[in-house]
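Peer 1: Before I ask anything, let me first share the structure, which is written out below as structure tokens.
Each reported figure results from applying straightforward, stated rules to the coordinates on display, with no laboratory input. Fair warning: this is a prediction, and the values are worked out from it, not measured in the lab. Heads up, the Cβs are rebuilt from the backbone with ideal geometry, glycines too, and the neighbour counts pull from every protein chain shown.
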Amino acid sequence: MLDAVTVRPILPDELEKVAYVHAASFGGDEAACLTNLQSDPRYNFSNIIVAEYQGEVIGAITLFPAQMWLSGVPISVGAITGVAVLPQFQRKGVAGKMMDFSIVRMVAEGRAMSVLFPHSHKYYRQFGFGTMGDLHAYRINPHNLTVFAEGHRVRAFTPADLPMMRVMYKGQLTWHNGWFTRSNDWWDKIVAQTPNIMVFDNDGTIEGYYTYDLQTGKAGERVLYLKEFFAAEDQAYRGLIGYLAAQNEADVIEYLAPPDTPLRHSLRQPKADDAQNRGYIFNDLCHVTPGPVARIINLSTALTKRFYARHMSGERVLRVSDPLIPTNEEPLLFRLVDGRAETRSADGRKTQIETDIATMTQILCGYLTAQHARRLGRLQANEDTCSWLDKAIADSPVYIQPGDWF
């Protein structure tokens, strides 16, 4: 452990030092790392935190504000990315010091939650983060997809389509848990970095799109990596699937999909391209991989900013353990009135729900049910309370679109 490490905000002339730390920690070209730091419209140098040891910048972390949609409303989150430490200083507690500093900053900034894409889910558990959702990894033979007639309305993207795509995307935010609000500058960067975009054009109205990369696989096969796939209308979904089924650019399609996609029902045979037989008639359809992690920063704000199931009412006294943010440990009276929440001090009332901050985050994001948390010994509550909580939070899975990965 390094005790004499100072964690602080970056100075204006230290961006090149951070680029060096990124290149040494993650691999890659230092100049490219500097360009990425300078050109991401979601943050600037003021969002970067550094670790200093004996006058040298040995670590860095980027923490920027964002809006993540949950239950139809935007939630203020602190997005953490670029957690990097010079190789010779790794495994000495430097990253942990930067995480502690970041959590304190997010409390001061009034963030409801924090989100990050971890190198290790186990490592970030010590900071109160828990997995917030799963992704389904598909590998599909295009000929196994249903050919829908609407595919003829799919065409290549043109720059003139972007304003309509932005409007379409914005209009759908309330229906998709985990989507991030995108600025026009961020849209421009996404399009610039994604040369392959197909859109569903319904008489001049863009109703869906997908973005992709083409690469050569290990066996020499042509692979279409489907990055973002979105259809605002039913016919747009059928059109995009139909076009993918008929395309001749790739031999196989790979897609890290949200768990609630109807993609499996679009297959002629529910079977992956490289399916392994698991006995009798059971063949792989897709593989499940854990997604990003999240952490509640301000418990009261996180509970009250989102919506709950309509017509749900009632109240429970909640106490959450959170060693890193002691203010979250104050027992709260959590009340629902027709799906809208309010909190106030429990004023000594008997606790009815007890859990830790990571488990509470997973429950609030709809990833873990209260019933399952209780069975795992991570939540103490009676069966009626668990049922009440699960009915209130029932929602679609959280899925962050690949264009917003950080």
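Peer 1: By its C-alpha gyration tensor, with a ≥ b ≥ c as the square roots of the eigenvalues, how is the stretch 294-393 shaped: rounded for a/c under 1.5, else prolate for a/b larger than b/c, else oblate?
Peer 2: rounded
Peer 1: Under 20 Å from the 7 Å Cα→Cβ point of residue 260, by amide nitrogen: which residues of the stretch 54-78?
Peer 2: Answer for this model: 67-76.
Peer 1: Tell me which GluC sites (Glu not before Pro) from the stretch 243-335 have a DSSP coil assignment and no more than 14 other beta carbons within 10 Å of their own.
Peer 2: 249
Peer 1: Quick one: Cα centre-to-centre distance for the stretch 387-406 and the stretch 240-272, in angstrom?
Peer 2: Cα centroid of the stretch 387-406 versus Cα centroid of the stretch 240-272: 23 Å apart.
Peer 1: In the stretch 248-262, whose amide N lies under 18 Å from the spot 7 Å out along Cα-to-Cβ of residue 405? List them in ranges.
Peer 2: Correct set: 253-261.
Peer 1: Pull out the extension gain between residue 216 and residue 340, defined as 0.36 nm times the separation in residues minus the alpha carbon to alpha carbon distance; nm, one decimal.
Peer 2: 39.6 nm
Peer 1: Where does each of 210-218, 281-289, 67-75 land if you order them by average Cβ count within 10 Å, highest first?
Peer 2: Answer by packing, highest mean first, reads 67-75, 210-218, 281-289.
Peer 1: Let me ask something additional. Put +1 on the Cβ of each Lys and Arg and -1 on the Cβ of each Asp and Glu in the stretch 104-254; which of 199, 148, 211 then has its Cα farthest toward the positive end of the dipole?
Peer 2: Projecting each Cα onto the dipole axis, the largest value belongs to 211.
Peer 1: Compute the distance in nm between two label points, each set 7 Å from the Cα along the Cα-to-Cβ direction, one at residue 149 and one at residue 122.
Peer 2: That separation, rounded to one decimal, is 5.5 nm.
Peer 1: Rank 66, 101, 53 by how far each Cα sits towards the positive end of the charge dipole of the chain (+1 on Lys, Arg Cβ; -1 on Asp, Glu Cβ) and give me just the farthest.
Peer 2: 101
Peer 1: What percent do you get for the relative contact order of the stretch 136-290 when only Cα pairs under 8 Å and 6+ apart count?
Peer 2: Reported as a whole number, the value is 37 percent.
Peer 1: Under a Cβ-only charge scheme (Lys and Arg +1, Asp and Glu -1), can you give me the dipole magnitude of the chain about the Cα centre, in debye to the nearest 20?
Peer 2: Charge dipole of the chain: 1040 debye, to the nearest 20.
Peer 1: Taking the DSSP beta bridges in the chain as the whole, what percent of them are antiparallel, to the nearest 5?
Peer 2: That works out to approximately 85 percent antiparallel.
Peer 1: I'd like to know how the stretch 82-133 sits against the 2.2 N^0.38 Å rule of thumb: what's its Cα Rg over that expected value?
Peer 2: This ratio for the stretch 82-133 stands at 1.19.
Peer 1: Sticking with the crude label model, points 7 Å out along Cα→Cβ, report the distance from residue 1 to residue 277 in nm, one decimal please.
Peer 2: Between residue 1 and residue 277, the simple spin-label model gives 5.5 nm.
Peer 1: Just name one of 164, 309, 116: the one whose Cα is farthest towards the positive end of the charge dipole of the chain (beta-carbon charges, Lys/Arg +1, Asp/Glu -1).
Peer 2: The residue sitting most towards the positive pole is 309.
Peer 1: Rounded, prolate or oblate: which fits the chain, taking a ≥ b ≥ c as square roots of the Cα gyration tensor eigenvalues, rounded meaning a/c under 1.5, else prolate when a/b beats b/c?
Peer 2: Oblate shape, in that a/c is at least 1.5 and b/c is the bigger or equal ratio.
Peer 1: Shape call for the stretch 136-290 from the C-alpha gyration tensor, a ≥ b ≥ c root eigenvalues: rounded (a/c under 1.5), prolate (a/b greater than b/c) or oblate?
Peer 2: prolate
Peer 1: Now for a separate question. Rounded to the nearest 0.05, what FRET efficiency do residue 234 and residue 327 give with R0 = 41 Å and r taken as the Cβ-Cβ distance? Could you check?
Peer 2: That gives a FRET efficiency of 0.35.
Peer 1: Per-residue HN-Hα couplings for the stretch 320-329, Karplus 6.51 cos²θ - 1.76 cosθ + 1.60 at θ = phi - 60°, whole Hz, x for Gly and Pro?
Peer 2: 10, 8, 8, x, 7, 10, x, 5, 6, 8
Peer 1: Which value in nm describes the separation of the simple spin-label points at residue 160 and residue 11, placed 7 Å from the Cα toward the beta carbon?
Peer 2: Each label point lies 7 Å from its Cα, and together they span 5.3 nm.
Peer 1: What Kirkwood hydrodynamic radius, in Å, does the stretch 5-111 give when the mean of 1/r is taken over all pairs of distinct Cα atoms and then inverted?
Peer 2: 14.3 Å
Peer 1: Now for a different question. Taking the Cβ of each residue in 166, 374 as the centre, tally the other Cβ atoms inside 10 Å and list the residues starting with the fewest.
Peer 2: Ranked by crowding around the Cβ, least crowded first: 166, 374.
Peer 1: From the cross-link list 122/350; 97/305; 17/189; 122/391; 350/391; 92/227, which pairs have alpha carbons spaced over 31 Å apart?
Peer 2: 122/350; 92/227
Peer 1: Just rank 230, 26, 406, fewest to most, by other beta-carbon atoms within 10 angstrom.
Peer 2: 26, 406, 230
Peer 1: Hey, another quick one. Please report the relative contact order for the chain, taking Cα pairs under 8 Å with a sequence separation of at least 6, and give it as a percent rounded to a whole number.
Peer 2: 18 percent
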